[in-house]
Amino acid sequence: MATAPQDKAHRKGIAEYLENEDQFVLGAVVLYAKHTEARFEPDQGKEGRAVMPGTLYLNYGAQFDVGDGQHRIGAYSDVIQAHSEDEDPVMKRLPASGQPLVVVIDDNPLHRAQDFTDLPRNAKAPSASIGLSMDRRQSINRLMIRLVQEPELKIFGNSADRVEFFKDSPGKLSAKLFSFKTIRYLSGTALIGVSQRTTKGWDKAVNDHVEAYDEDAKAKLTDLWAGFATWPDIATVLSGEKTAATMREKTYLASSGLLYAIAYAVHKAATEYKIPVKDAMKRLGDVNYMRPGPPKPTEHLTLQDTPFAGNLVDPETGKVGSGRPAWEAAPRNCSSTSRRRPEGAVGPTQACAGGRTGWSSRTSTAAARPTAGTGPSGRPC
């Protein structure tokens with residue numbers, strides 16, 4: 001039967017998975033056989049049941065058409081050709097893990113074509129959060145699974161009950177604070193910054209970093225998430241005084257863009273100014289994360305309304321940008337906006353680059369900073 005053209009990179013990826021994973025799991029391959037070449041006979045006494053165990057009989061020389069799984073079959077072929085020795089450990093693993101099959105006895109090519117169309121349409125891919133949390137092959141995933149279960153990290157709740165694993169973002173009324181996907185990317189960005197522009201490159205860079213500096217990475221991320229738990233808007237949720245839904249409604253702290261901007265600010269503080277993560281998070285806790293509400297039709301949000309106006313937050317609509325250009329601009333734009341920021345309306349990098357004792361972002365005085373391009377301590381942003 002006609003099938004889609006093979007994706008060579010996809011086939012190669014499956015082959016590498018088969019070669020490198022000790023206990024691999026692949027989805028069932030769907031095969032079609034003709035009535036003249038195959039028959040199924042239920043076990044005696046099992047006839048007529050919804051589920052009937054039995055035996056599939058194939059004529060000698062019977063051929064199958066592949067309905068779904070051509071890349072998996074091709075990958076098996078590539079692996080077998082590359083590992084032809086019987087004692088090769090890869091060859092020993094193949095029969096041990098096995099490959100499930102679904103055999104359909106149907107000669108009608110229209111039925112087969114319909115199945116080929118329906119199979120991917122009706123399949124539901126797991127969310128990125130659950131997929132990443134279950135993928136223990138990546139060092140960053142293993143580290144984050146350990147951290148979200150740490151009792152001392154109150155922000156993740158009891159046995160990670162504040163973490164959303166099944167969706168990529170918590171629901172509006174959910175008691176969960178962040179998804180595992182967001183926690184993972186925030187943590188990785190705090191470690192390696194924003195130099196990687198592709199998912200594959202980011203994964204490799206952050207996994208290499210964690211493997212090389214495992215204890216240091218764990219210590220920094222422990223300080224990062226412990227610091228989050230002390231921020232007033234989050235601490236009141238953890239104490240039960242307020243709900244996570246209220247935090248999402250009243251602040252930007254549930255916005256992935258804002259959270260990634262914080263991670264980038266922490267990275268810049270640690271790498272450029274040698275500020276410990278614990279201190280950076282303490283200073284970032286003074287930033288004003290409250291939502292000012294949408295602007296009036298004839299007005300725009302200003303830096304007196306929110307320190308994120310013009311970078312993360314569109315001043316005309318009040319909407320938060322979710323793409324990388326938006327959240328990367330929040331730390332990077334500090335030098336171009338420092339002259340216009342009111343006292344207390346600090347952005348993430350300014351808070352890290354040298355805050356004043358007792359300096360609270362929850363004021364709205366209009367005193368401007370005297371020197372563009374410097375933080376409160378005189379350090380360049």
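The values are calculated or read from the model by the stated rules, or taken from the named source; none is laboratory data. Keep in mind that what you see is a predicted model, and the values were worked out from it rather than measured. Every residue, glycine as well, gets a Cβ built from its backbone with ideal geometry; the counts of neighbours run over all protein chains shown. The protein model used for the area step is the full one, side chains on, heavy atoms only, and it has no ligands, DNA or RNA in it. Shrake-Rupley method; radii C 1.70, N 1.55, O 1.52, S 1.80 Å.
Scan S139, S97, S159 and give me the residue that is over 22 Å from L56 (Cβ atoms), of a type outside the set (K, R) and in contact (Cβ under 8 Å) with a residue 24 or more places away in the chain. Please lay out each step first, then the result.
Working: S97 fails: over 22 Å from L56 (Cβ atoms); S159 fails: in contact (Cβ under 8 Å) with a residue 24 or more places away in the chain.
The match here is S139.
Only residues in segment 26-52 that are without any contact (Cβ under 8 Å) to a residue 60 or more places away in the chain count as the first member; pair them with residues that are aromatic (F, W, Y), Cβ under 8 angstrom, at least 6 apart or cross-chain, and list the lot.
Pairs that qualify, where the first residue is without any contact (Cβ under 8 Å) to a residue 60 or more places away in the chain and the partner is aromatic (F, W, Y), are E41/Y57.
Taking the condition open to solvent by less than 40 Å² (accessible area, probe 1.4 Å) and in contact (Cβ under 8 Å) with a residue 12 or more places away in the chain, does G188 pass? Write out each step before concluding.
Values: open to solvent by less than 40 Å² (accessible area, probe 1.4 Å): yes; in contact (Cβ under 8 Å) with a residue 12 or more places away in the chain: yes.
Considered against the rule, which asks whether it is open to solvent by less than 40 Å² (accessible area, probe 1.4 Å) and in contact (Cβ under 8 Å) with a residue 12 or more places away in the chain, G188 comes out as yes.
Considering only residues that are buried (at least 20 other Cβ atoms within 10 Å of the Cβ) and in contact with a Gly (Cβ under 8 Å, 6 or more places away or on another chain), look in segment 304-320 and name the one that is farthest from Y260 (Cα to Cα).
Result: P307.
Determine whether A82 is out of contact with any Phe, Trp or Tyr (no Cβ under 8 Å at 6 or more places or on another chain) and either among the basic types (K, R) or closer than 19 Å to L119 by Cα (or both).
Details: out of contact with any Phe, Trp or Tyr (no Cβ under 8 Å at 6 or more places or on another chain): yes; either among the basic types (K, R) or closer than 19 Å to L119 by Cα (or both): no.
It is false that A82 is out of contact with any Phe, Trp or Tyr (no Cβ under 8 Å at 6 or more places or on another chain) and either among the basic types (K, R) or closer than 19 Å to L119 by Cα (or both).
Being of a type in the set (A, V, I, L, M) and at pLDDT below 70 is the filter here; which residues of segment 308-349 pass it? Don't jump to the end; show me each part of the working.
Let us first name the residues in segment 308-349 that are of a type in the set (A, V, I, L, M), namely 309, 312-313, 320, 326, 329-330, 345-346.
Selection gives A345, V346.
Mind telling me which of the residues K154, K181, K176 ends up being in contact with a strand residue (DSSP E or B) (Cβ under 7 Å, 6 or more places away or on another chain), open to solvent by 10 Å² or more (accessible area, probe 1.4 Å) and either over 23 Å from A329 (Cα atoms) or of a type in the set (D, E, K, R) (or both)? If you could, list the steps in order and put the result at the bottom.
Working: K154 fails: in contact with a strand residue (DSSP E or B) (Cβ under 7 Å, 6 or more places away or on another chain); K181 fails: in contact with a strand residue (DSSP E or B) (Cβ under 7 Å, 6 or more places away or on another chain).
Only one candidate passes the filter, namely K176.
Specify which of the listed residues (A96, A28, A33) is out of contact with any Cys (no Cβ under 8 Å at 6 or more places or on another chain), of a type in the set (A, V, I, L, M) and modelled with pLDDT under 90.
Details: A28 fails: modelled with pLDDT under 90; A33 fails: modelled with pLDDT under 90.
Result of the check over A96, A28, A33: A96.
Within segment 189-200, take every residue that is at pLDDT below 95 and in a helix (DSSP H, G or I) and give me the one that is nearest to W327 (Cα to Cα).
Once the filter is applied, the top-ranked residue is T199.
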